[in-house]
Amino acid sequence: MRLTLPPILLYALRRLVQAVPVIVLIMIGTFLLLKLAPGDTVDALVGDMGGADANFIARLREEYGLDQPVWVQLWRYMAKLATFDFGWSFVYEQPVSTVLLDRIGVTLLLMATSLGIAFTVGVALGAIAARRAYSLTDNLISTLGLVFYATPSFFLSLMMMLLFSVKLGWLPVGGIKSIAAFYTGWDHVVDVALHLVMPTAALSLIYLSFYLRLMRSSVMEVAELDFVRTARAKGAGETRLMFHHIMRNALLPVVTLFGLQFSTVLGGSVVVETIFTLPGLGQLAYQSVVQRDMNTLMGIIFLSSVIVVAVNFLTDLLYARLDSRIELA
Amino acid sequence: MKGLLKWLGCAAFGIAALTSLPGGATAQDVQRGGTFITHMISEQRTLNPALRASTGVYNISGKIVEPLIDKSYDGYVPVLATEWSGSEDGLSITLKLREGVNWHDGKPFTCDDVAFTAMEMWKELLNYSSALQANLEGVDCPDPYTAVFNYSKPMPIELFVAAMPDLGHPVPKHLYEGTDILKNKHNTAPVGTGPFKFVEYERGQYVMAVRNDEYWRGPEYPYLDRIVWRFIKDKSAAAAALEAGEVHESGFIGVSMADIERLSNDERFDVGTRGYENNVAHSTVEFNHRNPIVADLKVRQAMYHGLDIDYAIDTIMRGFAKPGRGPIPSAGGANYTDDVPTYPYDPELAKQMLDEAGYPVKDDGFRFKLRHRPAPWGEYTQLWAEYFAQAMKEIDIDVELLTNDAPGFLNGVYRDHDFDTANGWHQFRSDPAVSTMVWLRSGQPNGTPWTNQFGWKSEEMDQMIDDAASELDPEKRADMYHAIQRKAMEELPVIFAIEHPFISVTSKKAQNHHNTPRWNSSSWYDLWLSQ
């Protein structure tokens, strides 16, 4: 008997199988790359402590398994990873999975709100600019896009902090909640939301400018195509034309960019989380590199590669939905 | 000169504050309650001061876990130990312990806790302390409130007492006995006897402690309800948090020097070096004596003459520092002397000395090239490295800076010895025997950071260091350290170029702040906030 699955499930299954070697290769590559960096977590620890004696250092290395050859360490790590055991973080003195679970919520929240805002606002502004190409509105929107595009997020973060926290006192400087205020219920939600305003803005504006610029040129290009002229000749109104004929086609390159950029947002969140002291994966990644916390870092990379692979898969599905000429194969 | 004046100003300020203390805030003035929020740059792996000697740990744990003895501007003061004395032969030290003190979990604090911590942690596991307590044979408890430390070689009582504020924190035996000490959960959730009780450590965010209502100093202490340590990695963000009033204090130079200078002119803040007398550090120039060029004493002396220390203090440390005089800083008390040879800034003399040493300027315009590793310990050290490279260029020495992060630096210098010169800073910890002597004593195991890994060996110096460490007579001991200091300045195995304390920025709302020479590490039982 032949097992028949709906094509989309079959496709998903095949992508899943293909993802495994990709992730394994990423993990081995990163492990070796990290081992090339000078010094290990014991060196970083001793640096933090302001010195220690040789016995202390040797004992710690032995306890952490760092006295073994690199290939033994790699083998041990991969064998554990195969059972989804991320190991122990010697910096946090907790299982890595606990550390990651504690942190992933903040990062996902930050990424989702930032990308959501960037995508919707960017696409909308881009479309408006394209429809009124070379007008005052277009010039205004395009200039704004250029400014956002050219401003580094760390600079934007600090300037916002100076204006909204120090001068005006409207928003908190950093952190995820007011400490020692002990808010509960809706007060807590509002408190967290206030803490996320500036980080979200800092992270989303640069991506917003990407989508804006791409959407603008894409809409202008599609608007010139034959089928748009045909639709117009058949008497379609401007609104219908825009939403049904132009936008849907113009979105294709923007969705491609969205999929590609999902991973770079993770990178951008390192800077923003560090400046605003948000306890997310980005801040954790930075700390882990500085402290050479191999297990935590590998866990973050594993999680990130899974997210990126999953987002690529979803992007492909979305493609097929937007453009029926594309088949899932 | 400006630097010196500022320094003197700070010192005078410290003395003025000190003399006014008894007549200062009276009980009526004090406002009880409130949450004091303080800034920390980096997270801590452990909060157990009996496992890790580091100001980062004390900054938090000091409020929760108390030492046996603390240091005030009037000298050493009793905390958990009320009296201390040493035997004639120096082989035993007897401590009287405070009675009626309870751990935060309600169990009484006794000699058993001290004996357990001393033997299991101070002697075995605590950095710096394991060297100090190497000859500790055992701790006897004739009664619950008397602890007798027995040594196989004489232990000077001054050294023991000087080490206690940092290296003498007992932890509760009943929570550690029979467990894997390094993995014990109380290492990150400390239980002590201090004025504040640990509440929680949210990684990446903050640590919180609340008032201990049963504190032994009496029901009026502590004045605060709560202390929160906020971790802010970015120094500019930390300065913004101070200005926005979200943080009351940032210690250990937690904001950039530009912000420190700016905030020192802001009347909302007290900015200064008071409260760090016990945490003075040296900015150094370290040499790899395996390289024959810098192994030449004349070359090292010439390089010292090529460094304009006053200029560096003014521009890099913004005046918050003074020139170094060897391995013991001026905050080192009786063991310090300024009667040592010095090397004033004189580039012409430096050039002449280098010529005489046999290193004339070659066709490429330089005498020789040095590969220099700067330590990544923040703004001071990195700028000091850049200044060093510039100053050496003035006397025709080419310096290549090999920039690296912390593990890279520690391995490059202290394990692989892959450098010609390096710079960093090293903290002085109350007594030379437990701090800076490791920079001069040969025979340090390879790879031990902040020790003599420079390939420099002087049997005479080794002997002097060993003799001083076990000398019981304080006066003789001080003379011996003066001799060591002079010899270190003559032979320059390392240049202890600049001595600088740390700097705090504190909101003026805070009262009784920075009133001890190791304030950030102390218990803050008398700190309060005016609303």
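The values are calculated or read from the model by the stated rules, or taken from the named source; none is laboratory data. This is a predicted model, so every value here is computed, not measured. Cβ coordinates were reconstructed from backbone atoms using ideal geometry, including for glycine residues, and neighbour counts include every protein chain displayed.
Just a few scattered comments:
- Criterion (of a type outside the set (A, V, I, L, M), in contact (Cβ under 8 Å) with a residue 24 or more places away in the chain and at the interface with chain A (Cβ under 10 Å from one of its Cβ atoms)) met by exactly one of B:203, B:217: B:203
- A residue that is touching an Asp or Glu at 6+ places or on another chain (Cβ under 9 Å), small (Gly, Ala, Ser), more than 14 Å from chain A (Cβ to nearest Cβ) and over 15 Å from residue B:102 (Cα atoms) occurs somewhere in the stretch B:160-170.
- For residue B:66, the conditions (1) surrounded by fewer than 24 Cβ atoms within 10 Å (Cβ to Cβ); (2) at pLDDT 95 or above; (3) among the charged types (D, E, K, R) all hold with the exception of (1).
- Condition check for residue A:15: touching a Gly at 6+ places or on another chain (Cβ under 6 Å) and either within 12 Å of another protein chain (Cβ to nearest Cβ) or over 30 Å from residue B:130 (Cα atoms) (or both): no
- Hey, residue B:213 over 24 Å from residue B:98 (Cα atoms) and surrounded by fewer than 23 Cβ atoms within 10 Å (Cβ to Cβ) or not: no
- Residue match in the stretch B:283-300 (condition: within 22 Å of the chain's Cα centre (by Cα), among the hydroxyl-bearing types (Ser, Thr, Tyr) and in a strand (DSSP E or B)): yes
- Only listed residue being more than 26 Å from residue A:38 (Cβ to Cβ), outside any strand (DSSP E or B) and in contact with a Gly (Cβ under 6 Å, 6 or more places away or on another chain), chosen from B:489, B:464, B:480: B:489
- Residue in the stretch B:379-398 that is closer than 22 Å to residue B:329 by Cβ, crowded, with 19+ Cβ neighbours inside 10 Å and within 14 Å of another protein chain (Cβ to nearest Cβ) present: yes
- Options A:269, A:204, A:288; residue that is of a type in the set (Gly, Ala, Ser), touching a helix residue (DSSP H, G or I) at 6+ places or on another chain (Cβ under 6 Å) and either at pLDDT 90 or above or within 30 Å of residue A:326 (Cβ to Cβ) (or both): A:204
- Scanning the stretch B:229-261 for residues that are over 21 Å from residue A:168 (Cα atoms) and in a helix (DSSP H, G or I) gives B:257, B:258, B:260, B:261.
- Residue match in the stretch B:134-154 (condition: surrounded by 21 or more Cβ atoms within 10 Å (Cβ to Cβ), within 14 Å of chain A (Cβ to nearest Cβ) and either under 30 Å from residue B:29 (Cα atoms) or out of contact with any Asp or Glu (no Cβ under 7 Å at 6 or more places or on another chain) (or both)): no
- Taken residue by residue, the stretch A:134-150 has no member that is among the small types (Gly, Ala, Ser) and within 14 Å of chain B (Cβ to nearest Cβ).
- Considered as a group, the residues in the stretch A:160-186 that are under 28 Å from the mean Cα position of the chain (by Cα), surrounded by 13 or more Cβ atoms within 10 Å (Cβ to Cβ) and more than 7 Å from every other protein chain (Cβ to nearest Cβ) include one that is nearest to residue B:227 (Cα to Cα), and that residue is A:178.
- Leading residue by the ranking (surrounded by the fewest Cβ atoms within 10 Å (Cβ to Cβ)) among those in the stretch B:243-274 that are aliphatic (A, V, I, L, M) and under 24 Å from the mean Cα position of the chain (by Cα): B:258
- Scanning the stretch A:80-96 for residues that are buried (at least 16 other Cβ atoms within 10 Å of the Cβ), among the aromatic types (Phe, Trp, Tyr) and within 24 Å of the chain's Cα centre (by Cα) yields a count of 2.
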